[in-house]
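So the structure is just underneath, and the comments pick up after that.
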Amino acid sequence: MLNDFEKIFNEWSEKIEQTLEEAEAEKKEDKEAGPRQELEYWKQRMRKLTCVSEQLRSKNCRTVFDVLTFASQNTNDNANRPRDKIYLATSKWRSIELRVTEALNEAKDNVKYLQTLEKFIEPLYDGTPESIKDTLPALMNAIKMIHTIARYYNTNERMTGLFIKITNQMIANCRFNIINFRRLKLGMPPVGQLTAAQQA
């Protein structure tokens, strides 16, 4: 039973670590995204990590963990199943649980603060250059508030990334308006709105 439990435990650990690493890799790949994609990324990450966190607290996981913890603390030596090996597996599991909890807290916190920007970023997608100009002071104030009080999102890297995404979408919106202005002058119907990533 200990053999089976340890094998399952190690498989679970690898899958959870892989999930955490894949989420980070997804984040680094999309360089042309706008601010909506930033919020959507953190929402998806929060959903994934919530599922992982719920699984970690499930009865099956707790049972396997408790049995292996008991076996690692058992004073009877077992030549076929050294206590040190089981202890290392349970220690690694505790470390993974902490990583998942921290990553989930980060995702929840980032979603909470990025959602405060939603009403200010709508004009970047649907508005005119004039409406974007009118909204910019409020958007900058909201970003300043995030930089001041957010626990995770206030790093230079995150702030720079957010400004790049906002700029990408502003450029996409202006490009869209220029294209439609030219089309209207030529008597052609206007095209639909494109995001920065679609126009790239």
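What follows is calculated from the coordinates using simple rules that are stated; it is not laboratory data. Every value quoted in this text rests on a predicted model; they were computed, and no experiment measured them. With ideal geometry, Cβ positions are generated from the backbone for all residues, glycine too; neighbour counts draw on all protein chains shown.
For the reader, a short list of remarks on this structure follows.
- ³J(HN,Hα), Karplus 6.51/-1.76/1.60, whole Hz, each residue of region 116-129, x for Gly, Pro: 5, 8, 3, 5, 8, 8, 4, x, 4, 9, 10, x, 9, x
- Euclidean distance of C-alpha centroids, region 106-154 and region 32-53, integer Å: 16
- In this Cβ point-charge picture (+1 for Lys and Arg, -1 for Asp and Glu), region 116-200 has a dipole of about 200 debye about its Cα centre.
- Over 25 Å between alpha carbons, listed pairs Lys7/Lys43; Lys43/Lys165; Lys112/Lys165: Lys7/Lys43
- Karplus (6.51, -1.76, 1.60) ³J(HN,Hα), θ = phi - 60°, over region 153-164, in Hz, Gly and Pro reported as x: 7, 8, 7, 4, 4, 5, 5, 4, x, 5, 5, 4
- Each of Thr148, Ser131, Cys174 was scored by the projection of its Cα onto the charge dipole of region 116-200, and the greatest displacement toward the positive side belongs to Cys174; charges sit on the C-beta of Lys, Arg, Asp and Glu.
- The charge dipole of the chain, taken about its Cα centre with unit charges on the Cβ of Lys, Arg, Asp and Glu (plus for the first two, minus for the last two), comes to roughly 460 debye.
- Phi-derived couplings, Karplus 6.51 cos²θ - 1.76 cosθ + 1.60 at θ = phi - 60°, listed residue by residue for region 173-187: 5, 5, 4, 4, 5, 5, 4, 5, 4, 5, 5, 5, 5, 8, x Hz, with x used for Gly and Pro.
- Largest mean-square fluctuation among Arg36, Arg151, Arg183, in a Gaussian network model of the chain whose springs join Cα atoms under 10 Å apart, belongs to Arg183.
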